Structure formats: structure tokens, C-alpha cells
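Everything below concerns the one structure shown next.
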Amino acid sequence: MKIAQRVAGITPSKTLAITAKAKELKEQGYDVVGLGAGEPDFNTPQHIIDAAINAMEAGHTKYTPAAGIPELKKAICEKLEKENGLSYKPAQIIVCNGAKHALYNLFQALLDPGDEVLIPSPYWVSYPEMVTLAGGIPVYLAGEEENQFKITPRQLEQAITEKTQALIINSPNNPTGSIYSREELEKIAEICIAKNILIVSDEIYEKLIYDGEEHVSAAALSKEAYDHTVVINGVSKPYSMTGWRIGYAAGNAELIRAMTNLSSHSTSNPTSFAQYGALAALQGPQEALQMMKAEFDKRRKAVVEMLNSVEGIHCLLPKGAFYVFINVSRAMAKGGYRDVDAWSQALLEQQHVAVVPGTGFGAPDYIRISYATSMEKLIKGAERIKKFVEGV
Ligand SMILES: *Cc1c(COP(=O)(O)O)cnc(C)c1O
């Protein structure tokens, strides 16, 4: 079968490759500890489920406006105003089939062939592919562990060319959990404003931050920063609604209109009753989120302590999201592994622990584990990693 070059060049997700192998081992009867998950392990809160059921029963089972139902857009505006100090009109909001789809639409609407997008690494696996699929060129800026994997203003300045259209900021970050401070964002925004570069601010983990850290949206820094930023967010991660596929973008009305036109010819609209569920998530009680966050926090501290006691690997205490990014370079060298893919494969085969190798995040000395799984599994997983690393 002939496959279009545009799509044939896509790298299959590393997460999926490991998941497939883990599934195979499980089917053979092995007790596999999966630490690869990219989604909360809690159920969607009941009041959200009820809202979607009620919406279906009330007949909200038809097409909706391409950019989403007015009630939800209004609720998103209110959320952004109240929690982020950002003032948007509904015409500046598009609801999409997940934050991922919002990002996809954004790059399709923004990029011409050869346009460059600056992507700090380690990065979320989908950014480079989305940029490439839109005809753009991903340009990587290496965030160093010494700087909590964050980029410096100097790195940014050096990477900018006349082709640069956008910079992606993902804070809190997947996979590292790092958070940019207000001061750091101010310096970055100043450069982007001066060079007329759009900041794509992926804030999907905004609610999952620990140790009293503050989430700052780049759009909230100043009027100029607001004009140069598109905020991306959604309900998947904070409300454990990954399967519902509701996310959104907020920004320049002209850009949002272009994204909406694109949606109208591809996906038509995000699922009608899922939008009512998202409405309930934003407007309803927030206790479930607080409970989930408290549980993540406990696991985060416990698993980081266990992992840092293993000779040959180390990790920073993540400040947000639900991942630990672990430096395994010494363990890899000691075991004589070719690369982190081979190391992760061996860990899975010998100790039956599934992790995500850092190659997919642009960080080949690292692995990512998720603590969106039970404490029991985390303890078992950490013990097996210890055996695997110290046993060689
Ligand atoms: C999970 C995730 C998203 C997308 O979430 P949706 O389910 O598509 O809303 C976007 N960015 C990052 C960094 C993520 O980890």
C-alpha cells in the first residue's frame, strides 16, 4: 500500500511500543509493573459522568458549533479570568478534541513550509511530529538537568532565526515535572515579544503542582505577552478525563477562527455530551482534584526517595505533573547497553517493569516513569529497578 510521505515519516510513539511488549508479557502470565502510563489512575468524578449522561438524555447528542458550545466557551473564559488573570472573549476560545488536537490545529493554522518552531527538550513526544506534519521544522533547545531541564534566555536568543514562528513552553513539563518561574518566563517572553515569536503555552498540568509552587501563564505577564501567547489547556489531566477528549486553546481571535475553520472540515466539533461533562468539571466541586493531587504528592516523594537510593541512577524531585525523569546514564554504561531503548527493553524482559525510554522525549540518557499508579506498584517497580541496576 502506498502511504503518503507526510505520514510515512511519523515515528511511532515509544510509549506505545513498550506498552505493546508489556501487554504481550502480561498475556504470557507475567506480573508486569507498568510505569509508563500518561494518564491519572483515578475514575472521572461522578458529578461529571452524571452531567454527560444528563446531557445525552436531554438530547445533546447532535452536532455542536465547531468551536464548542457557547456555555463551555464562557466557562473557559471565566476559568481563565479567575484562575489565571486572563481576559478572553468567547471568540478567542476554541474547544477541541483534547489539548493534543488543539495543538495540532494550532500548528496547521500557523505554519508555512520551512517555518521553525523552537522546542525545548526534554519535550512531550507529540510536539515534533505535529510541527513536521504542518510543514514546519522543529528546532531543539536542550534543557540541562543542572538547570532543572529548563532553557535559558541565552539559548533562546541563539536559536532564533528569521524563520522562527513559535516557541513551545510546557510548564509544568511532561516528562520532567519542571516549572518555569515568573522571572524566567518574563525573560523568555521579552525575547519572544521583541522578535515577534508566538509562545505556545501548554498548561495541561497547571493544577498538578506541589510544594507550594505557583503556576504562571506566559499570557498573564503583560499586555504584549498576552498578544504573543496561545494558551493550551484541557480537562484530561486535572479531572482524569483523558478518554473524553476535551481540550482548548485561547488566544488571538484571527488565529482561533482559522483553527475553527480547520476543525469544521475535519472533526466538525468535539463530542457534544463530553463538552457538557467538561462544563461540569470546570464549574462543579473541585474536591476530587485536590484528593488526586494529595495522593500524587505522597507517591511522588516516596518513589523519588526509593529511586535515589539505587546506586547508578538519580532523579530530581519533580515540581509538577505525575512523572519522574530518571538519569540512567551510569547504569547504562555499567551494564554495557547500547542505548536507553535497549536498557528499557532489558528492564522489561528481566524484571517486568515497563518504563518509557527518554529517546522519544529527546533525552537519550533518561527514562520516564509515571506515578499515576498505586503506591504498591510503585514500591514493587522501584524494588525491581534496584535489582536490575545493582544486580548487573
Ligand atoms: C497529555 C498531554 C497533552 C494532551 O492532553 P489531551 O488529552 O489531548 O487533552 C498535552 N500536552 C502534554 C504535555 C500532555 O502530557
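The values are calculated or read from the model by the stated rules, or taken from the named source; none is laboratory data. Computed from a predicted model, the values in this text were never measured in an experiment. So basically every Cβ, Gly included, is an ideal-geometry build from the backbone, and we count neighbours across all protein chains shown.
Annotations
- Of the helices (runs of 4 or more DSSP H) lying entirely inside the range 290-392, those containing at least 3 residues that are surrounded by 22 or more Cβ atoms within 10 Å (Cβ to Cβ) span 340-351, 375-391.
- Scanning the range 1-55 for residues that are over 14 Å from residue 354 (Cβ atoms), touching a Gly at 6+ places or on another chain (Cβ under 7 Å) and surrounded by 19 or more Cβ atoms within 10 Å (Cβ to Cβ) gives 48, 51, 52.
- Scanning the range 106-135 for residues that are within 15 Å of the ligand (Cβ to nearest atom) and under 14 Å from residue 7 (Cα atoms) yields 126, 128, 129, 130, 131.
- Residue in the range 122-158 that is farthest from residue 180 (Cα to Cα), counting only those that are of a type in the set (Val, Ile, Thr) and assigned to a loop (DSSP other than H, G, I, E, B): 125
- Residues in the range 142-155 include none that are in the same structural domain as residue 183 (by TED's automatic domain parsing), more than 15 Å from the ligand (Cβ to nearest atom) and closer than 27 Å to residue 254 by Cα.
- Residues in the range 163-175 include at least one that is farther than 26 Å from residue 39 by Cβ and among the aliphatic types (A, V, I, L, M).
- Checked against (1) under 28 Å from residue 352 (Cα atoms); (2) more than 16 Å from the ligand (Cβ to nearest atom); (3) of a type outside the set (D, E, K, R); (4) in contact with a strand residue (DSSP E or B) (Cβ under 6 Å, 6 or more places away or on another chain), residue 88 passes all but condition (1).
- Some residue of the range 266-280 being surrounded by fewer than 16 Cβ atoms within 10 Å (Cβ to Cβ) and assigned to a helix (DSSP H, G or I): yes
- Remark: pairs (first residue in the range 94-105, within 6 Å of the ligand (Cβ to nearest atom); second residue in a loop (DSSP other than H, G, I, E, B) and of a type in the set (A, V, I, L, M, F, W, C); Cβ separation under 6 Å; 6+ apart in sequence or on different chains) = 99/204.
- So residue 26, is it in the same structural domain as residue 97 (by TED's automatic domain parsing) and either modelled with pLDDT of 90 or more or closer than 30 Å to residue 371 by Cα (or both): no
- Lone unmet requirement of (1) surrounded by 20 or more Cβ atoms within 10 Å (Cβ to Cβ); (2) in contact with a helix residue (DSSP H, G or I) (Cβ under 7 Å, 6 or more places away or on another chain); (3) under 21 Å from residue 244 (Cα atoms) for residue 124: (2)
- Looking only at residues in the range 15-43 that are of a type in the set (D, E, K, R) and in contact with a helix residue (DSSP H, G or I) (Cβ under 8 Å, 6 or more places away or on another chain), the one that is nearest to the ligand (Cβ to nearest atom) is 39.
- Residue 66 part of a helix (DSSP H, G or I) and small (Gly, Ala, Ser): no
- Selection status of residue 111, farther than 30 Å from residue 324 by Cα and buried (at least 21 other Cβ atoms within 10 Å of the Cβ): yes
- From the options 256, 209, 188, 199, residue that is within 16 Å of the ligand (Cβ to nearest atom) and surrounded by 22 or more Cβ atoms within 10 Å (Cβ to Cβ): 199
- When 188, 199, 232, 179 are screened for being part of a strand (DSSP E or B) and under 26 Å from residue 146 (Cβ atoms), only 199 passes.
- Output for the range 212-246, where each listed residue is of a type in the set (A, V, I, L, M, F, W, C) and within 16 Å of the ligand (Cβ to nearest atom): 218, 230, 231, 232, 235, 241, 244, 246
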